[in-house]
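Peer 1: Structure provided below as structure tokens; questions to follow.
All of the numbers you see were taken from the coordinates with simple rules; none came from a lab. Keep in mind it's a predicted model, so treat the numbers as computed, not measured. Here Cβ is always computed from backbone atoms with ideal geometry, including for glycine, and neighbour counts include all displayed protein chains.
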Amino acid sequence: MTSNDTPAEDMPMVRFDGVTKRYGPLTVLDELQLDIARNEKVAIIGPSGSGKTTVLRMLMTLERIDEGVIWVDGEPLTHMHRNGALAPADTAHLRRVRGKIGMVFQHFNLFPHMTALGNCIEAPRRVLGLSAAEAEARAVELLDMVGLGDKVQHYPAQLSGGQQQRVAIARALAMRPKVMLFDEVTSALDPELVGEVLQVIRTLGSEHDLTMLMVTHQMGFAKEFADRVCFFYAGKIAEQNTPDAIFGDPQNERTKQFLRAVLDAV
Amino acid sequence: MIWDWGYTFEILPVLAKASIVTIEATLLGFVLAAVLGLVFAILRMSDNPYIGIPTAGIVEFIRSTPLLIQIFFIYFVFPEFGVTLNALTAGVIALGLHYGTYCSEVYRAGIEGVPRGQWEAATALNLSPYDTFKDIIIPQAIPPVVPALGNYLVALFKETPLLSAIAVLELMQTAKILGSQTFRYTEPITLVGLFFLVMSLVSAAAIRALERHLDRRYAR
Amino acid sequence: MQLRPIVFTAIVCFAAGLWVASFAGFREFLPGLLNGTVVTVQITLGGAALAVVAALVAAMGKMYGVGPLRWIAVAYIETFRGTSALVQLFWLFFVLPHFGVSLDPVPVAILALGLNVGAYGAEVVRGAVNAVPRGQWEATVALNMSRVLALRRIILPQAFVAMIPPWGNLFIELMKATSLVALISVSDLTFRARQMNDITFRTIEIFTIVLVIYLAISIIITVAMRTLERYAARGQGRGRRA
């Protein structure tokens with residue numbers, strides 16, 4: 001990587017370069033090398049404890065990395081250029097670069113003391129500096145897109161899980177990120193509500209220029225939606241390929257074991 | 001700051017003797033509070049609402065009104081009934097009553113924390129209410145709430161200076177007397193403050209250690 | 001709760017109230033006691049305001065302060081929680097003048113009690129802020145909010161609702177502690193009661209009325225806090241539906 005801040009067309013949108021994460025004696029991610037191209041949709045699957053959620057959390061700066069560098073849109077995220085070398089990023093740099101990334105959580109994490117509309121205009125107003133009118137127009141458009149145009153004044157407590165998760169997606173999109181992270185976003189939902197959320201994600205993928213990275217247990221959805229599937233095991237990528245290849249003809253023994261166990265449970 | 005070390009060392013022995021009275025009042029008051037608290041708690045949980053609700057009312061009344069007034073009340077009221085109490089006794093009774101109400105809330109929480117199944121097993125074995133309480137419920141109710149009781153012991157200890165209002169010769173009263181004799185209040189009051197601070201920090205640490213010990217034994 | 005025992009207790013209380021009101025001295029004592037009540041309420045309100053401010057500052061200092069700021073906050077909290085309110089009151093009353101600070105007894109009382117309750121309040125604030133689910137913090141990171149913005153708009157508003165009941169208890173403790181100011185000769189309710197008792201020795205009547213007045217104030221505080229809690233929690237359900 002040259003010390004150059006202007007993104008070229010062929011550079012990956014996200015790059016994990018030798019990234020390692022440890023919790024005490026436990027190595028959760030082991031020298032991860034992963035490139036994600038512009039507008040690529042990547043699904044991350046694997047057993048619990050394999051490090052898949054940690055990948056997302058580190059990209060969202062919710063966790064610190066122990067070794068390696070994460071690059072976003074041609075710039076280092078976790079580090080910054082100083083005197084021609086890479087030094088750990090300071091808060092200002094971190095906040096600037098992480099503004100390109102948005103995340104939707106398993107447990108929604110909506111702000112309970114604000115309405116759906118309030119949730120969606122808060123960050124655009126306070127962080128991006130949009131005027132009240134602009135922020136509201138943007139929020140209404142997004143809430144409409146996720147099918148909640150008639151519920152903008154509802155509080156999270158008055159919405160179903162599926163509706164809350166859709167608000168969470170609209171809230172993240174309101175910041176116009178370039179990369180969207182989805183951390184098991186349907187795992188906390190009752191089965192009959194999963195479909196409406198997946199439909200929103202499907203629409204997002206087809207109608208918007210977004211790089212999407214999702215940790216999921218919804219194998220059927222991953223198969224139909226993702227451009228690439230990464231199978232994580234014990235902190236490393238055990239196998240990655242197109243969905244057809246991974247689900248149809250897995251090469252790695254662990255991948256086969258995992259898929260057998262998961263598909264058996266379906 | 002004007003601080004007279006000579007004076008400080010002079011008054012230390014006097015204050016040390018007074019601290020014994022403070023500790024005496026604390027321990028006696030707490031024993032009374034612990035016992036009364038249990039009585040209040042049991043009465044309040046009585047099946048008979050004519051006992052339960054008035055008890056709740058009395059407990060609330062005592063909890064919501066100042067300890068100082070209660071001290072005055074007991075000290076000045078008893079003589080009207082022909083019983084003259086010395087100041088320390090009156091103070092201990094007031095402390096016991098006031099903190100007894102706090103303890104009763106703690107006991108109630110502990111008793112309600114005992115799983116329903118225990119009561120049902122006792123009924124199935126045909127145990128009398130007295131035996132149920134004594135052998136089954138209380139032994140399970142108390143250990144989890146011991147830290148809370150410990151906190152109230154410390155709180156009671158810190159309120160013993162109120163007894164100075166009826167001239168009990170505990171630390172605060174002694175400090176005031178020393179101060180008024182020499183017009184140097186800074187040293188006595190600061191020393192008393194430090195004494196309470198040290199005792200309080202030590203007992204806070206002791207209670208935390210006790211909590212950890214109990215958590216290990218009664219891990220829920 | 002069955003109705004009949006409540007009605008019974010209420011009738012007994014009402015009868016007791018009438019009995020108290022029929023005290024010959026009731027009309028005699030009441031004006032003086034009410035004057036004292038005004039002072040008690042003044043000190044309670046002043047102390048409460050100071051306590052809330054002190055608690056917020058100390059809690060933020062302890063949780064997010066840097067180096068010396070954090071130490072000052074911790075020292076304040078441990079000192080005022082670890083020593084007796086009366087000792088603090090006396091110390092400020094007798095010792096402050098030596099440092100050149102000359103205050104009337106009422107401001108000293110507000111200062112002492114406000115700082116005392118504020119130290120306990122700091123732990124309440126800390127507990128409430130820590131109880132806000134971690135996911136809320138993570139959402140603010142995902143939305144690229146600064147820590148100050150997150151605290152101001154997202155975390156503290158949620159912590160606020162959880163804080164109200166414990167603060168209600170603290171305000172009642174504050175009210176009870178105002179009785180201590182009688183010992184530095186401030187003319188509050190307790191002082192007036194002592195005064196009248198020393199003159200007339202009608203202990204039972206006087207102190208019963210006084211206890212009832214304190215009880216009334218504490219009930220008002222409790223009702224006010226419950227109303228505040230209902231208002232603050234409007235719209236927010238407790239717990240999640242999936």
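Peer 1: Using r as the Cβ-Cβ distance of residue B:80 and residue C:14, and R0 as 25 Å, what FRET efficiency do you calculate, to the nearest 0.05? List each step's numbers first, then the result.
Peer 2: Values: r = 25 Å, r/R0 = 1.01.
The value I calculate is 0.50.
Peer 1: Further, regarding this structure: In which sequence would B:55, C:200 go, from the one with the fewest C-beta neighbours within 10 Å to the one with the most?
Peer 2: Values: B:55 19, C:200 13.
Ascending Cβ contact count within 10 Å gives the list C:200, B:55.
Peer 1: Okay, next question. Give me the number: length gained by fully extending residue B:24 to residue B:205, i.e. 0.36 nm times residue separation minus the C-alpha to C-alpha distance, one decimal in nm.
Peer 2: Details: separation 181, 0.36 × 181 = 65.16 nm, distance 2.16 nm.
Length difference between fully extended and current span is 63.0 nm.
Peer 1: Select from chain C the helices, each a whole stretch of DSSP H, whose alpha-carbon atoms run 30 Å or more along the helix axis and whose Kyte-Doolittle mean is at least 0.0; answer none if there are none.
Peer 2: C:26-64, C:105-131, C:203-232
Peer 1: Could you give the distance between the Cα centres of the range C:115-139 and the range B:135-171, to the whole Å?
Peer 2: So the two Cα centres are separated by 27 Å.
Peer 1: In percent, what relative contact order does chain A have, based on Cα pairs under 8 Å that are 6 or more apart in sequence?
Peer 2: Details: 477 pairs, mean separation 63.7, N = 266.
Reported as a whole number, the value is 24 percent.
Peer 1: Just to be sure I understand the model, the point goes 7 Å from the Cα along the line to the Cβ. What's the resulting residue C:131 to residue A:133 distance in nm?
Peer 2: 4.3
Peer 1: As a test of the formula, what do you get for chain C when each DSSP H run with n ≥ 4 contributes -39,500 (n - 2.57) and the sum is divided by the residue count, at 222 nm and rounded to the nearest 500 deg cm²/dmol?
Peer 2: Working: 10 runs with 188 residues, N = 242.
That calculation yields -26500 deg cm²/dmol at 222 nm.
Peer 1: For chain B, what is the mean residue ellipticity at 222 nm derived from helices alone (per DSSP H run of n ≥ 4: -39500 (n - 2.57); sum divided by total residues; nearest 500 deg cm²/dmol)? Walk me through the intermediate numbers first.
Peer 2: Values: 8 runs with 167 residues, N = 220.
After summing the helix terms and dividing by the residues of chain B, the value is -26500 deg cm²/dmol.
Peer 1: Between B:149, B:95, B:68, find the one with the highest GNM mean-square fluctuation for chain B; connect C-alpha pairs within less than 10 Å.
Peer 2: Looking only at B:149, B:95, B:68, the largest GNM fluctuation is found for B:68.
Peer 1: Hydropathy first: keep DSSP H helices in chain A averaging at least -1.0 on Kyte-Doolittle, then drop any whose Cα extent along the axis falls short of 24 Å, and list what survives. Don't jump to the answer; show the numbers that get you there.
Peer 2: Values: long enough: A:191-207 (25 Å, 0.36).
What comes out of the filter, once short or polar helices are dropped, is A:191-207.
Peer 1: Suppose R0 equals 45 Å; then what is the FRET efficiency for residue A:188 and residue B:138 from their Cβ-Cβ distance, rounded to the nearest 0.05? Kindly include the intermediate steps, with their values, before the conclusion.
Peer 2: Working: r = 42 Å, r/R0 = 0.93.
With R0 = 45 Å, the Cβ-Cβ based efficiency is 0.60.
Peer 1: Next up: Multiplying the sequence separation of residue C:204 and residue C:63 by 0.36 nm and subtracting their Cα-Cα distance, what value in nm do you get?
Peer 2: Taking residue C:204 through residue C:63 to full extension adds about 45.9 nm, to one decimal.
Peer 1: Anything in chain B that counts as a DSSP H helix reaching 18 Å or more along its axis (C-alpha) with Kyte-Doolittle mean of at least 0.5? List them, would you? Don't jump to the answer; show the numbers that get you there.
Peer 2: Values: long enough: B:5-44 (55 Å, 1.63); B:49-63 (20 Å, 0.85); B:87-112 (37 Å, 0.62); B:138-159 (30 Å, 0.85); B:186-217 (46 Å, 0.70).
Length and hydropathy pass: B:5-44, B:49-63, B:87-112, B:138-159, B:186-217.
Peer 1: Shifting gears a bit: With each pseudo-label sitting 7 Å past Cα toward Cβ, what's the residue B:177-residue A:20 distance in nm, one decimal?
Peer 2: With each label placed 7 Å out from Cα toward Cβ, I get 7.1 nm.
Peer 1: Another question, then. Taking a threshold of 30 Å on the Cα-Cα distance, which of the pairs B:134/B:158; A:21/A:151; A:21/A:100 fall above it?
Peer 2: Numbers: B:134/B:158 32 Å; A:21/A:151 41 Å; A:21/A:100 22 Å.
Those over the limit are B:134/B:158; A:21/A:151.
Peer 1: When N counts the residues of the range A:42-168, how does its alpha-carbon radius of gyration compare numerically with 2.2 N^0.38 Å, as a ratio? List each step's numbers first, then the result.
Peer 2: On the way: Rg = 17.6 Å, N = 127, 2.2 N^0.38 = 13.9 Å.
In units of the 2.2 N^0.38 Å rule of thumb, it is 1.27.
Peer 1: Rounded to the nearest Å, what's the spacing between the alpha carbon centres of the range A:155-211 and the range B:36-82? Just the number, please.
Peer 2: Between the Cα centre of the range A:155-211 and that of the range B:36-82, the gap is 58 Å.
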